[in-house]
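Heads up, the thing below is written out as structure tokens.
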Amino acid sequence: MDLDVVFLGTSASAPTAGRAVAALLVRRGGDRLLFDCGEGTQRQLMRSSLGLPELEEIYLTHFHADHFLGLPGMLKTFALRGRELPLTVYGPPGLEELFAGLRRVLGKLSYPVELVEVRPGEALERDGYRILVFPVHHGVSAVGYAVDEPDRPGAFDTGAADALGIPFGPERGALQRGESITLDDGKVVGPDSVVGEARPGRRVVITGDTAPVETVQVLAEGADLLVHEATFGEDERDRAADTLHSTARQAAEIAAAADVRMLALTHFSPRYFGPDLLDEATAVFERVVAPRDFDLIEVPFRERGEPQLVRRGARPPRGSDLPGAAAEHGDVGPV
């Protein structure tokens, strides 16, 4: 089951020529989960190699404008397409009040929209995974989300099964499921004899906006990928504290304490250059990247390798003549 994270907007507060505001898409198998929907998110999707999918679920971390202003336009575009598929929008308390104010803008849609207010501690069960909701520290109604897979059965040792005389067929399937079997000679064989230790599922933790907080470290413990805001550098540490944001170094400190497999910094203030914030973070934690818009991170199962940043993995089609395309493809520049 493939799992990756596509960065559609990595700027804080306001877009720049090269970066849109907050939005990222998690793709797991055929599921497409959008987390935050800042201004221009639908255009970012249209410009990418992904196109604008018929999203079924959108998750908002909080209701600052740079995290939801793209919603009205996207929902209207779906209606103009004649969409009938239901859409569910999740967010912290205040979501229904937000949409009450948007109704006049949205007008009548061609499809039902369900609003679900979520609270820290909830787990939204999905097919083969769940979405965990956890508290962050941003001074408003705000949450973070973790895409969490359960542990998988250990690898089946066919050599050991052959040596024990276990026939091919349902007996091996039962052992793989953790059940004991009885052979024709009356011998009972337990799964521990032929099945290795459980293999961990994957976890992707998305903080949204937050000051450093212990709940993020707890949820990120051993995570495959932590996507953490890094609005400021250490030169603005006091301002980060005043506005309940994080510096790149603080995000790295949390990643190091949680021993995550990879840290991805995002939500950069336009005053900074990517390498500056990356240098601050790598002084504390080595496994850190600073994605640009249209980069993606592949998250394999642990036995198949480490998470990998794919530069321009969801890049716009070659030859795009839209404003800002050159800046988006550059290796340096303000973030």
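The values are calculated or read from the model by the stated rules, or taken from the named source; none is laboratory data. Note that the structure is a prediction, hence the values are computed from the model and not measured. Here the Cβ is made from the backbone with ideal geometry for all residues, glycine too, and neighbour counts use every protein chain on show. These accessible areas exclude ligands, DNA and RNA; they are computed on the full protein's heavy atoms, side chains included. Shrake-Rupley method; radii C 1.70, N 1.55, O 1.52, S 1.80 Å.
Suppose we keep only residues that are in contact (Cβ under 8 Å) with a residue 24 or more places away in the chain and assigned to a loop (DSSP other than H, G, I, E, B) within the range 114-126. Which one would you say is nearest to A100 (Cα to Cα)?
The residue in question is V118.
Quick check on my filter: what residues within the range 274-294 are in a loop (DSSP other than H, G, I, E, B) and not charged (D, E, K, R)?
A283, V284, F285, A290, P291, F294
Can you report the number of residues in the range 145-180 which are free of Cβ contacts under 8 Å to residues at least 24 places away in the same chain and open to solvent by less than 20 Å² (accessible area, probe 1.4 Å)?
Qualifying residue count, the range 145-180: 2.
Residues in the range 295-317 that are open to solvent by less than 20 Å² (accessible area, probe 1.4 Å) and part of a strand (DSSP E or B): how many?
2
List the pairs whose first member sits in the range 230-255 and is more than 16 Å from V284 (Cα to Cα), whose second member is crowded, with 17+ Cβ neighbours inside 10 Å and of a type in the set (F, W, Y), and whose Cβ atoms are under 7 Å apart, counting only residues at least 6 apart or on separate chains?
Pairs found: T231/F268; R239/F232; A240/F232; H245/F232.
Which ones in the range 47-77 are of a type outside the set (G, A, S) and more than 20 Å from V105 (Cβ to Cβ)?
The answer is R47, L50, P53, E54, E56, E57, Y59, T61.
Out of curiosity, is A198 in contact with a strand residue (DSSP E or B) (Cβ under 9 Å, 6 or more places away or on another chain), under 30 Å from D157 (Cα atoms) and modelled with pLDDT under 95?
yes
Which one is nearest to V205 (Cα to Cα), of the residues in the range 129-144 that are open to solvent by less than 40 Å² (accessible area, probe 1.4 Å) and small (G, A, S)?
Selected residue: G144.
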